[in-house]
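Engineer: Below is the structure I would like to discuss, written out as structure tokens.
The values are calculated or read from the model by the stated rules, or taken from the named source; none is laboratory data. In this text the structure is predicted, and so the values were computed from the model without any measurement. FYI the Cβ positions are ideal-geometry reconstructions off the backbone, even for glycines, and counts take in every protein chain you see.
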Amino acid sequence: MSQIVGSQIVGIGASPLRKEDLRFVSGRGHYVADIKRPGMTAGVFLRSPHAHARLKSIDSAVAQAMPGVLAVFTGADLKAANVGGLPCGWGITGKDGKPMKEPPHPPLAQEKVRHVGDAVAFVVAETAEQARSAAEAIVVDYDMLPAVSGVLEALRPGAPAVFDEIPGNLCCDWELGDAAATEQAFAKAAHVAHVSLVNNRLIGNPMEPRAAVAEHEPTTGQYTLWTTSQFPHVVRLLMGNMVLGIPQHKLRVVAPDVGGGFGVKQFHYAEEAVVTWAAAKVGRPVKWVCERSEGFISDAHGRDHVTEAELALDEKGKFLAIRVKTLANMGGYLSTFGPNIPTNLYAPLLSGVYTIPAIYCEVKVVFTNTVPVDAYRGAGRPEATFVVERLVDIAAMEMGIDKADIRRRNMIPKEAYPYQTPVIVQYDSGDPAGCLAGAVEAADVAGFAARKQASLAKGKLRGLGFSTYIEACGLAPSRIAGRLGARGGLYESATVRVHPTGHVTVLIGTHNHGQGHETTFAQIVSEKLGVPFANVDIVFGDTDKVQFGMGTYGSRSLAVGGSALARASDKVITKGKKIAAHLLEADEQDVDFSAGVFSIAGTDRKKTFEEVALAAYVPHDYPLEILEPGLEEQAYYDPVNFTYPGGAHIAEVEIDPETGVVTLLNYTAVDDVGTVINPMIVEGQLHGGIAQGIGQALFENCVYDDDTGQLLSGSFMDYCMPRADTVPSMKISTHSTICTHTPLGSKGCGEVGTIGSPAAVTNAVVDALAHLGITHIDMPASPNRIWRLIQNAMLGRAAE
Amino acid sequence: MKISFKLNGKPVEVDIEPSLLLSELLRDKLDLTGTHVGCDTSQCGACVIHLDDESVKSCTILAVSVDGRSVTTVEGLASGEGVDGLHPMQRAFHENHGLQCGFCTPGMLMSAIDFAKRHPKPTEQEVRQWLEGNICRCTGYQNIVRSVLAGAAAMHAAS
Ligand code: FES
Ligand code: FES
């Protein structure tokens, strides 16, 4: 690892060690659960053990009288206090032109509970133990109702209605693309590949459970909420403005160190509102820390699609059209971005990296008696990639075309960018064939046949799986997002505050919860302003310190926030030139700036960045009509387009046919993430993202009992997380094309791993089993599932 | 009840409820919040500390059971200030990008140090098997494994 000294300029493309590491390896990180406030109390939620029931009565008299108990609150208390429902930030419109059904989402259940884990009451006591005991003493009289957890069941005639006012459970029947053109293309196809698949439901499980601490100062009306959030400003806006009616200037939301997010922490959750409201009611700070088993039934889940898809091809294997029908599970309420994920972040990616003239996609968005479903790392795009890449493999198998070849034949050529797809998005840059070539080489695809033979000799089945994919990220161009139903713009902001000594504090609206922003963003400033890396600090996550910002999700921090930072830095240089011109008695146009020095071209007259910074703050002879004191600049950046990272992933697996156990032997990824600021951090993001995709493909599965709606995978014992001994070492490299519309040319790298990998791993598993006539397996490809597939295939063969 | 034990090399005496877990004692009563709690089923390893020099999950043992013994937490690893004062394993995690959000890191470090003490020259496979009890959601483990290999080497080079 490079040893880089912080007293140097450390710019774009270097891999300095992370600034944030020291506090974390020292055990001095500052997470919400670590917070103690004077007089702090503990809050515990009582949650529904039933998936669907009418709330007849809640009797908390005994609980209220228990030792240490300060208060017990229910949905009725919130209603009486006019507390609003949790808002959905994205509205979609159905085929019929009507808006989606948007039922209320009370922070504590009213009248009905709609999933196991729906919060029914909140107990505040002196200690968490006392609050827990009191919660157990609350008597809730439930009138049990039949529950429905799967999308197919929820749409069946006569299915229990999650909302009485929405019989049939359909939130929205949505479409994208040209149905007629797609129909025509299918009519003249030489071959149609078909797949029925389930995209398995996942639980994000960042290692830090969610938590909230809130306090209220009655003399000023000031509230403070510390929360495990990826977007504190948005929580302040949604909660303050729409749920609790707290004026924005009286509400401070702080998201300090946050232990991973992956989307799970980018929603405004009921608990944030209840804890904040309760702090004012009891007149003391309140702290709630989610237990892991509680998180399983209250963190928003991800994925959960049932899909039928077809790919039409001509006789040469050229793609003519894709047709997709998806049922997407929304759970029991609409979460902050819920309806946007299986629609706007899904269907526009169905063109993949291919030229596909016609695409049509229908999505039915469905309510069920399960935890709300929303974005989880990748959010919609892994699901789209999985559909496309599975179809491509099935077509190749059925038509006898090499799997790399069929991809090459259909890829958008590098020269064809910018490329307008038939489904809204226009890719600005990319080189999918270049990525594939790199991955084929790095994965030694040429040597695969020999390796397969060697496996066979040991009685093992070996398979190779490709996934060439693209995603849309850098959320989001507000103009496009608005057209797609976003109820707010999605720009990002940065302030560059130069101190009189030339040290720099950056205030930025994104949030760092593992991505290394304190390092990467400091590199951008170090390069731009020519100041030592050690002299730049990044501040984020506190609405009292940082101007409004949208936070971190959708691989947006660098592409959108980094762009704002680059622009703000440029403004600092512009103003610095004015100051230097004044100091050097020169014309502003004649001032050059490079590597931290302002100079007059063709002379030896110059001022360092530090000299200019000091002069900015101690002026006594400024031409005040054209130059203000101070050196601090701000930029709000709203991108004109999404960014489109992509790449080629190749997985190699070995299956033991006796047990069905899959061993992932090799994983190779060549990704195009645009300009790389810090290669070490990008590689780390890819490792983590790919591991999560491997988790979806091989291990993770959120399962509900069909009859009762009980969560069957409700702990780390039943929900199988990737572990050190089940994830391989991966070979990662980049093959970048430059994003044409962001100032730094970066595309983003947070989600690529999770988007590309489930298809690569699943394709490898199917490849290993192809000789048995198996063309598809649903995720996770567990030993049990594989073993049964093999047995059935062999039985089928025997019967033939 | 009253217990006394050594914590990061210093004697402490506390009066506690018999039902208190060691993780709760460390975090809530003694303000050593570097030890994290990531689950309620003893599955994640975020809470690993050393008890008499052996790594244990502090969420699985009662605080009273450390009476008369010696406890080391992540806060007790470094011998001085700044990066230079870090324990070789902490330094290895820093130098090999073995952490992202940092939440699993204290438990990883404590597990890794115990392992490395007894395995001066471990293989990658041994490291992966040992860390099976520590979940990390961020890193995909690759750089953690690299860190542990480097940390083990550094620990034994130093001794
Ligand atoms: S908190 Fe101890 S193992 Fe998870
Ligand atoms: S670094 Fe985030 S859980 Fe390991």
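Engineer: Restricting attention to the stretch A:352-373, does a residue exist that is closer than 22 Å to residue A:467 by Cα, among the β-branched types (Val, Ile, Thr) and not in a loop (DSSP other than H, G, I, E, B)?
Structural biologist: There is at least one residue in the stretch A:352-373 that is closer than 22 Å to residue A:467 by Cα, among the β-branched types (Val, Ile, Thr) and not in a loop (DSSP other than H, G, I, E, B).
Engineer: For residues that are more than 16 Å from ligand 1 (Cβ to nearest atom) and within 19 Å of residue B:23 (Cβ to Cβ), tally how many sit in the stretch B:83-119. Break it down stepwise before answering.
Structural biologist: First, the residues of the stretch B:83-119 that are more than 16 Å from ligand 1 (Cβ to nearest atom): B:83-100, B:113, B:115-119.
Adding the requirement that they be within 19 Å of residue B:23 (Cβ to Cβ) leaves B:113.
Residues flagged as more than 16 Å from ligand 1 (Cβ to nearest atom) and within 19 Å of residue B:23 (Cβ to Cβ) within the stretch B:83-119 amount to 1.
Engineer: Could you tell me which of the residues A:111, A:102, A:126 is in contact with a strand residue (DSSP E or B) (Cβ under 9 Å, 6 or more places away or on another chain), over 24 Å from residue A:149 (Cα atoms) and surrounded by fewer than 18 Cβ atoms within 10 Å (Cβ to Cβ)? Walk me through it before giving the result.
Structural biologist: Working: A:111 fails: over 24 Å from residue A:149 (Cα atoms); A:102 fails: over 24 Å from residue A:149 (Cα atoms).
None of the others qualify; the one that does is A:126.
Engineer: While we're on this one: If we scan the stretch B:68-77, do we find a residue that is within 16 Å of ligand 1 (Cβ to nearest atom), buried (at least 23 other Cβ atoms within 10 Å of the Cβ), at the interface with another protein chain (Cβ under 8 Å from one of its Cβ atoms) and touching a residue at least 40 places away in the same chain (Cβ under 8 Å)?
Structural biologist: yes
Engineer: Let me ask something additional. Residue B:18 - would you say it is touching a helix residue (DSSP H, G or I) at 6+ places or on another chain (Cβ under 9 Å) and assigned to a loop (DSSP other than H, G, I, E, B)?
Structural biologist: Details: touching a helix residue (DSSP H, G or I) at 6+ places or on another chain (Cβ under 9 Å): yes; assigned to a loop (DSSP other than H, G, I, E, B): yes.
Yes: the conditions hold for residue B:18.
Engineer: Going by the structure shown, is residue B:19 within 14 Å of ligand 1 (Cβ to nearest atom), outside the structural domain of residue B:136 (by TED's automatic domain parsing) and among the hydroxyl-bearing types (Ser, Thr, Tyr)?
Structural biologist: On the way: within 14 Å of ligand 1 (Cβ to nearest atom): no; outside the structural domain of residue B:136 (by TED's automatic domain parsing): yes; among the hydroxyl-bearing types (Ser, Thr, Tyr): yes.
So residue B:19 fails the test.
Engineer: Please specify each residue of the stretch A:591-623 satisfying the condition of being surrounded by 19 or more Cβ atoms within 10 Å (Cβ to Cβ) and either farther than 17 Å from residue A:500 by Cβ or not assigned by TED's automatic domain parsing to the domain that holds residue A:527 (or both).
Structural biologist: Hits for the stretch A:591-623 are A:591, A:593, A:599.
Engineer: Can you give me the number of residues within the stretch B:120-159 that are away from ligand 1 (no atom under 15 Å from the Cβ), closer than 15 Å to residue B:44 by Cβ and in a loop (DSSP other than H, G, I, E, B)?
Structural biologist: Qualifying residue count for the region: 3.
Engineer: Then there's this: Restricting attention to the stretch A:652-670, which residues are more than 14 Å from chain B (Cβ to nearest Cβ) and in contact with a Leu (Cβ under 9 Å, 6 or more places away or on another chain)?
Structural biologist: A:652, A:653, A:654, A:655, A:656, A:657, A:660, A:662, A:670
Engineer: Next question, about the same structure. Are any of the residues in the stretch A:62-80 more than 14 Å from chain B (Cβ to nearest Cβ), of a type in the set (Asp, Glu), surrounded by fewer than 21 Cβ atoms within 10 Å (Cβ to Cβ) and within 22 Å of residue A:332 (Cβ to Cβ)? Break it down into steps so the answer makes sense when it comes.
Structural biologist: Of the residues in the stretch A:62-80, the ones more than 14 Å from chain B (Cβ to nearest Cβ) are A:62-66, A:69-80.
When the remaining residues are screened for being of a type in the set (Asp, Glu), the result is A:77.
Cutting the leftovers down to surrounded by fewer than 21 Cβ atoms within 10 Å (Cβ to Cβ) gives us A:77.
Applying the additional criterion that residues be within 22 Å of residue A:332 (Cβ to Cβ) yields A:77.
Checked against the condition, which is being more than 14 Å from chain B (Cβ to nearest Cβ), of a type in the set (Asp, Glu), surrounded by fewer than 21 Cβ atoms within 10 Å (Cβ to Cβ) and within 22 Å of residue A:332 (Cβ to Cβ), the stretch A:62-80 yields at least one hit.
Engineer: Take the conditions crowded, with 24+ Cβ neighbours inside 10 Å and farther than 21 Å from residue A:79 by Cα and apply them to residue A:209. Does it pass? Quick ask: steps written out before the conclusion?
Structural biologist: Values: crowded, with 24+ Cβ neighbours inside 10 Å: yes; farther than 21 Å from residue A:79 by Cα: yes.
It is true that residue A:209 is crowded, with 24+ Cβ neighbours inside 10 Å and farther than 21 Å from residue A:79 by Cα.
Engineer: Another question, then. Considering each residue of the stretch A:455-476, count those that are of a type outside the set (A, V, I, L, M) and surrounded by fewer than 23 Cβ atoms within 10 Å (Cβ to Cβ), and give that number.
Structural biologist: Within the stretch A:455-476, the first condition is being of a type outside the set (A, V, I, L, M), and the residues that meet it are A:455, A:458-460, A:462-463, A:465-469, A:471, A:473-474.
Next, only the ones that are surrounded by fewer than 23 Cβ atoms within 10 Å (Cβ to Cβ) stay: A:455, A:458-460, A:462.
Total satisfying the criteria: 5.
Engineer: Now, a different point. Looking at the stretch A:289-330, which of its residues are in a strand (DSSP E or B) and either modelled with pLDDT under 95 or within 14 Å of chain B (Cβ to nearest Cβ) (or both)? Break it down into steps so the answer makes sense when it comes.
Structural biologist: Initially, the stretch A:289-330 is screened for residues in a strand (DSSP E or B), giving A:289, A:301-302, A:305-313, A:319-330.
The answer is A:289, A:302.
Engineer: Still on this structure, please answer the following. Has the stretch B:97-109 got any residue that is more than 7 Å from chain A (Cβ to nearest Cβ) and within 18 Å of residue B:54 (Cα to Cα)?
Structural biologist: Start the filter on the stretch B:97-109 by keeping residues that are more than 7 Å from chain A (Cβ to nearest Cβ), which leaves B:98, B:107-108.
From the residues that got through so far, the ones that are within 18 Å of residue B:54 (Cα to Cα) too are B:107-108.
Yes, the stretch B:97-109 contains at least one residue that is more than 7 Å from chain A (Cβ to nearest Cβ) and within 18 Å of residue B:54 (Cα to Cα).
Engineer: Within the stretch B:23-48, can you find the residues that are under 18 Å from residue B:77 (Cα atoms) and either near ligand 1 (Cβ under 10 Å from one of its atoms) or over 17 Å from the mean Cα position of the chain (by Cα) (or both)? Steps first, answer last, please.
Structural biologist: First pass over the stretch B:23-48, keeping only residues under 18 Å from residue B:77 (Cα atoms): B:23, B:26-27, B:30-36, B:45-48.
Residues satisfying the conditions are B:23, B:35, B:36, B:45, B:46, B:47, B:48.
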